[in-house]
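Participant: Have a look at this one before I ask anything.
The values are calculated or read from the model by the stated rules, or taken from the named source; none is laboratory data. If you're wondering where the values come from, they're calculated on a predicted model, not measured in any experiment. Quick reminder, even Gly has a Cβ in these numbers, built from the backbone with ideal geometry, and neighbours come from all protein chains shown.
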Amino acid sequence: MNWYYEFGGQRQGPISKEEIDRLVVAGTISLNTLVWKEGMETWAALKDVQGSGVGEGIRCSATGRIFPAEEIVYIAGKPYSLEAKERVMQSISQTGALPSEDEEERTGPEWEDRDRLGFFPAGWQTTKSVMMDPTRTFSKMKREGGLGGPFLYSFLLSLFGLALSMGYQFIFMGVMKQSSGELSKAFGNSAGGAGLGLGVVLLIGIIGVPAGIFMMSGITHLSLKICGGATQPFETTFRTYCYASGPGAALQLIPICGGSVGALWTLVCFCIGLAKTHQISTTRAVCAVLLPGATCVCLMLLAISAGAGFSQLGGR
């Protein structure tokens, strides 16, 4: 029997009953999602449909996913899965309150729905949403759902930004040489050199960008733990960083200052994103983001001071 369900204001389907079960377990749809199957007079919430089988499990208040009754524990009278128990207890110890029950409303950003929206439209809409309204975007961001999708988004945009940066450098070199009366050499030597340089940069980017994404996410998550703000697993921090990096690459379109503006706005979006996805104060999120850089600066100053001290001792 074919089933249909509502998602993002549009009808999805037809799919099988087994696929409905998989979407519920994955958290893609909830018990309140409107569904319809052959024989029904009108659309109804999944939990109210006879034969849906959803009564066989209990919804976790933290994740919105369905679990067997034996995998559910009750905290303050609300059901939570065993896998979410640690996070719930951590939230209580840090904030004195249960985590927000908004997981079933977290379906964004648009990149998460790229199969329906299309690859390029979803990428563009996600970048625009993060850039123009990061607070709302990260308030609706799925905190779980895998690393692959967000990683692909960040990786492709980072390579795009690198290519733009090299392209602007090529144009700048050509203009400078042309103005000095070396027109023929300008687009001969500079074209060859810039082409080779672009290839080298992109090759380094293919290797370095993934390492940078994981390294930044890992360091920031560790910093969140130090600052007492890691209320969600590493996956949430990773996904937040990947989506926060979008504006940085897009702003590379601005000549000369685009890189600096993009880096600054990425930092701002990352702080806002961590505050919304980990549900912590903005101050704590800013401290977690700036802590690694401040630590490096302090270590560098310490090393310089130590070096200067040893130099003075050696000169005596």
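Yes/no per residue for (1) within 27 Å of Ala250 (Cβ to Cβ); (2) modelled with pLDDT under 65; (3) touching a strand residue (DSSP E or B) at 6+ places or on another chain (Cβ under 7 Å):
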site: Pro150; (1), (2), (3): yes, no, no
site: Ser165; (1), (2), (3): yes, no, no
site: Asn189; (1), (2), (3): no, yes, no
site: Leu196; (1), (2), (3): yes, yes, no
site: Leu202; (1), (2), (3): yes, no, no
site: Met216; (1), (2), (3): yes, no, no
site: Ile226; (1), (2), (3): no, no, no
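Participant: Gly64: of a type outside the set (D, E, K, R) and at pLDDT below 75, yes or no?
Facilitator: Here the answer is yes, as Gly64 does meet what is asked.
Participant: Of a type in the set (A, V, I, L, M, F, W, C) and within 24 Å of the chain's Cα centre (by Cα): which single residue out of Cys296, Cys271 fits that description?
Facilitator: Unique residue meeting the criteria: Cys271.
Participant: Considering only segment 33-57, state which residues are at pLDDT 80 or above and part of a helix (DSSP H, G or I).
Facilitator: Residue satisfying the conditions is Leu46 alone.
Participant: Among the candidates Leu253, Leu264, Leu299, single out the residue that is touching a residue at least 40 places away in the same chain (Cβ under 8 Å) and surrounded by fewer than 16 Cβ atoms within 10 Å (Cβ to Cβ).
Facilitator: The match here is Leu253.
Participant: Which condition breaks for Cys269 when tested against (1) within 18 Å of Thr127 (Cβ to Cβ); (2) exposed (fewer than 11 other Cβ atoms within 10 Å of the Cβ); (3) among the hydrophobic types (A, V, I, L, M, F, W, C)?
Facilitator: (2)
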